[in-house]
1. How would B:D11, A:D94 line up by accessible area, probe 1.4 Å, largest first?
2. So with the 1.4 Å probe, I'd like the accessible area per residue for the stretch B:4-51, rounded to whole Å².
3. Starting from 0 in steps of 10 Å, tell me what percent of the Cα-Cα pairs of the stretch A:94-161 lands in each bin.
4. Compute the helix-to-body angle for B:243-256: its Cα long axis versus the longest principal axis of chain B, expressed 0 to 90° and rounded to tens.
5. If you take every residue apart from B:N117 with its C-beta less than 11 Å away from the C-beta of B:N117, what net charge results, scoring Lys and Arg +1 and Asp and Glu -1?
6. Quick one: how many Å² of B:V17 are accessible to a 1.4 Å probe, rounded to 10?
7. Can you tell me what share of the DSSP beta bridges in chain A is antiparallel? A percent to the nearest 5 is fine.
8. Charges at C-beta only: +1 for Lys and Arg, -1 for Asp and Glu. How large is the resulting dipole of the stretch A:8-53 about its Cα centre, in Debye rounded to 20?
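The values are calculated or read from the model by the stated rules, or taken from the named source; none is laboratory data. Quick caveat: nothing in here was measured; it's all calculated off a predicted structure. Note that we place each Cβ from the backbone using ideal geometry, even for glycine, and neighbour counts take in every protein chain shown. Accessible surface is based on the protein model in full, side chains and every heavy atom, while ligands, DNA and RNA are left aside. Shrake-Rupley method; radii C 1.70, N 1.55, O 1.52, S 1.80 Å.
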Amino acid sequence: MTEDMRQFKQVTCTINGVRRTTMVDVRASLTDMLRNDYRLTSVKKGCEVGECGACTVLIDGEAFDSCIYLAVWADGKDILTLEGLEGPSGELSDIQQAFIDETAIQCGLYSPGFIMTAKEILDTGKLYTDDELRKLLSGHLCRCTGYENIMKAVKKTMYKRLGKKYPD
Amino acid sequence: MYDIKALYEADSVQHAVQLLLEHPEAVIIAGGSDVLIKIREGKLAGRELISIYGLDELRGIRKEEDGTIRIGSLTSFRHITADPIIRKHLSVLGEAVDMVGGPQIRSIGTIGGNTCNGVTSADSASTLFSLDAVIEITGPDGIRLVPIEQFYLGPGKVDLRAGELQTSILIAKDSYIGYKGHYIKYGMRNAMEIATTGCSVNVKLSRDKKTVRDIRIGYGVAGPVPLRARHTEDVIRGCAVSAETRSRIGEEVREDVHPRDSWRAAKDFREHLCSTMAMRAFTEAVRKSGGEIDD
Ligand SMILES: Cc1cc2nc3c(=O)[nH]c(=O)nc-3n(C[C@H](O)[C@H](O)[C@H](O)COP(=O)(O)OP(=O)(O)OC[C@H]3O[C@@H](n4cnc5c(N)ncnc54)[C@H](O)[C@@H]3O)c2cc1C
Ligand code: FES
C-alpha cells in the first residue's frame with residue numbers, strides 16, 4: 001500500500017486506568033498499538049495468530065489475544081496490560097510475586113500473558129479445581145517451565161486470596 | 001500490521017448491507033479469528049474488509065414470545081456458554097462452544113463466524129444441526145430464513161448472496177423443549193485443537209424414559225460439510241432406551257457418514273469415531289434426560 005492510500009482512525013480508550021487517544025493505522029493489531037504507540041512492551045509478540053497467548057490483555061475484563069484484535073476495535077474499551085497491575089510505587093501484585101516465588105518464570109516471554117489470564121481468573125473470587133484451572137489457562141504456551149510451577153503460582157494465590165489453606 | 005487494502009466499519013446492519021453492495025469484493029470480518037489468520041497466511045492478504053464487530057445489536061441471546069431462542073450472530077462463545085437462557089434450555093450448545101480453541105479464542109470468536117466460514121470441523125455446527133437451527137440472513141431485500149442444513153452449500157461455501165450477512169441463529173421451541181443433548185469433540189489435545197470428528201446427539205424420551213421419542217444426530221468432519229444422520233434417526237425413533245438401541249445407533253450411523261482421509265486421521269478411523277462417539281453421546285444424552293441404559 002502506498003503512503004497516500006493509508007487509512008487512519010482516531011482511537012480513544014482507557015489503558016491501565018488512564019484515558020488515551022491516538023491515531024492508528026487501520027491495519028494495526030491491538031498488540032501493535034499497545035507496543036508501538038504506548039510502549040507497553042509487556043504485550044509480547046509470539047505467534048501473532050492466536051495460538052500462544054503471549055499477547056494477552058484484558059478488554060472490559062475479559063482475556064483476549066491482542067494480536068488478532070484490530071486496534072480500531074479498541075475504541076471505547078477498557079484495556080488492562082501487565083503494566084497496569086503494578087501498585088502506585090511500582091510494587092508487584094500478588095500474582096506477579098507468586099510467579100517469582102514459585103519460579104514460574106524462566107525466559108519470561110510468555111509470563112505477562114499468563115499473568116493477565118490469571119488476573120481474570122483470580123478476580124472472579126471463585127475456587128477452581130485443578131482441571132478447571134488447566135482449562136482456563138489452556139490458551140497459553142510456555143516452553144521453559146513445563147506449566148507445573150505456573151499452576152502452583154495461580155493456585156497458591158487463589159487460596160491465599162480466599163483465605164483458605166493451600167492443600168499440599 | 002495486517003495486509004489489509006481498506007477497512008470499512010459498519011455502524012448498523014443496514015449500513016453493513018450498503019457497504020457490502022458498494023464493495024462487492026470485500027470480506028466480512030466479525031471477530032476475525034479466521035479472517036485475520038488467513039490474512040497472515042496470505043490467502044486473504046490485500047483484501048478490503050467490512051468490519052461488523054462494532055454491531056452490538058447482533059450480540060446477545062433472547063427468548064422471543066413464541067419461545068424461539070434467538071442468538072445474535074456476533075455473540076462470542078464465552079457469552080453463549082455463560083448465558084442463563086442457554087444454560088437452561090440449550091446447555092449442549094454452551095458446552096460445545098466451550099470446547100473451541102482456548103479461553104481467549106472463545107472471547108473473540110463468534111457463532112456467526114463459526115457457521116459462515118463453512119468449515120465442517122466448526123465446533124458449534126454439529127450441535128446447531130442437531131438442534132434444527134435456522135439461520136437468519138439480512139440483505140438488500142430484507143430478511144430470509146434458511147434451515148442450517150441448507151445454509152451449507154459446500155466446503156467453505158454458505159448460502160450468502162450479494163449484500164447479505166448472517167444476523168441471528170434461531171432455535172424454535174419445538175426443537176428444544178423436552179430435548180437433552182450431548183456433544184463430543186475428538187481431538188489430539190484437550191485444548192487449542194481442531195476437531196478430528198465432532199458428534200452431537202439430541203434425544204427426547206417418553207415420559208417413563210423407556211422409549212426414544214425423537215433423536216437428532218449431528219456430525220462435524222464426517223463429510224465435506226457438517227451433516228445429520230437422517231437414516232439412523234429414522235431407524236431409532238420409537239426404539240426402546242436400551243443397550244441394543246445404542247449398538248444399533250453405532251452400526252446404522254456408518255450408512256450416514258462419509259469421512260475421508262486427511263493428515264489428522266484416516267477414513268476408517270474416522271468411521272470408527274463416528275460410530276463410537278454417537279453411542280457415547282447417546283448414553284450421555286439419555287442420562288441427562290433422566291433415563292438409564294442397563295449394561
Ligand atoms: C488459535 C485458534 C484456534 C481455533 N480453534 C477452533 C476450534 O477449536 N473450533 C472451532 O470451531 N474453531 C476454531 N477456530 C476458528 C475460529 O475461532 C472460529 O471459527 C470462530 O467462530 C470464527 O468467528 P469470528 O467471528 O472470529 O470469524 P471471522 O474470522 O470474523 O469470520 C469467519 C468467516 O465468516 C464470515 N462471517 C463472519 N461473520 C459473519 C456474518 N455475521 N455474516 C456473514 N459472514 C460472516 C467472514 O467473512 C469469514 O469468512 C480457532 C481459531 C484460532 C485462531
Ligand atoms: S502472539 Fe498473540 S496469541 Fe501468540
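1. The most accessible residue leads, giving B:D11, A:D94.
2. 44 Å²
3. Once binned at 10 Å, the Cα pair distances of the stretch A:94-161 give 23, 62, 15.
4. 40 degrees
5. Around B:N117, the surrounding residues sum to +1.
6. Here the residue's solvent-accessible area equals roughly 10 Å².
7. That works out to approximately 90 percent antiparallel.
8. 200 debye
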